[in-house]
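Take a look at the structure set out below.
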Amino acid sequence: MIDLRIKYISSHAIFQRVEENVWGQVADLEAVLGYKFQDRSLLVTAMRPRNGTRPPSVPHNDALEYLGDSILEVIAPIFFIEEGRQLQELHTLKLEAVTNLALQAVGLEAGVDQFLLEIDDSTRANHVIARASYEATKAIGGNNFWKAMPCEKELADAVEAIFGAVYLDCGMDFDVMLKLFRKLHWPAVGRYM
């Protein structure tokens with residue numbers, strides 16, 4: 001047990017040192033989200049992909065991504081019901097709203113790709129390509145334009161992780177989650193559904 005505590009304390013110290021370099025980014029991302037974190041380490045963790053270049057002892061966003069995915073499965077239909085959508089539409093709308101392509105579009109529209117931490121140059125280059133593709137297909141327009149893009153799953157995962165982080169930080173308040181869904185999802189994807 002002592003060894004585990006020492007390992008936790010040392011990894012927490014590394015985490016704190018790395019966090020010190022990103023506080024400005026965290027504040028900028030909070031402004032984009034329209035939500036101020038009580039525990040900013042949740043947001044920092046959400047922005048650390050599993051395949052990133054972080055030290056192994058620094059946490060990544062897998063658990064938050066899993067939680068966020070589950071939250072989105074619940075929040076999306078509530079949102080569409082509040083928007084007055086017909087019962088027959090709800091299943092299809094929910095499925096489309098939480099696809100990796102839709103969540104990637106949400107991440108690109110909000111600029112989440114600019115906030116991902118500790119990713120390699122190749123991944124960053126893929127995000128630049130995804131952003132250019134997103135802007136080009138958006139300019140062409142039409143409903144569901146975002147379905148025509150190549151998918152960067154890492155970005156969709158980060159959006160899910162953000163939802164998971166906010167859910168934990170806000171004390172599991174569904175009103176906060178619906179507000180976040182409206183703010184992020186509607187401009188990127190929801191208005192085209």
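Ordered by the count of other Cβ atoms within 10 Å of each Cβ, fewest first, 95, 72, 42 give 95, 42, 72. Of all aspartates and glutamates in the structure, those lying under 12 Å Cα to Cα from residue 153, and not within fewer than 8 positions of it along the same chain, are 65, 113. Relative to the current alpha-carbon distance between residue 63 and residue 92, full extension at 0.36 nm per residue lengthens the span by 7.8 nm. When peptides 58-70, 124-136, 101-113, 174-186 are sorted by average Cβ neighbour count within 10 Å, with the highest value leading, the order is 101-113, 58-70, 174-186, 124-136. Here residue 174 and residue 100 are evaluated by their C-beta separation; at R0 = 22 Å the FRET efficiency comes out at 0.40.
Whole-Hz Karplus values for the stretch 24-34 come out as x, 5, 4, 4, 5, 5, 4, 5, 4, 6, x Hz, taken residue by residue from phi with 6.51 cos²θ - 1.76 cosθ + 1.60 and θ = phi - 60°; glycine and proline positions read x.
Quick note: the coordinates plus some simple rules give every number you see, no bench work behind them. Computed from a predicted model, the values in this text were never measured in an experiment. Note: ideal-geometry Cβ built from the backbone for every residue, glycine included; neighbour counts use all protein chains shown.
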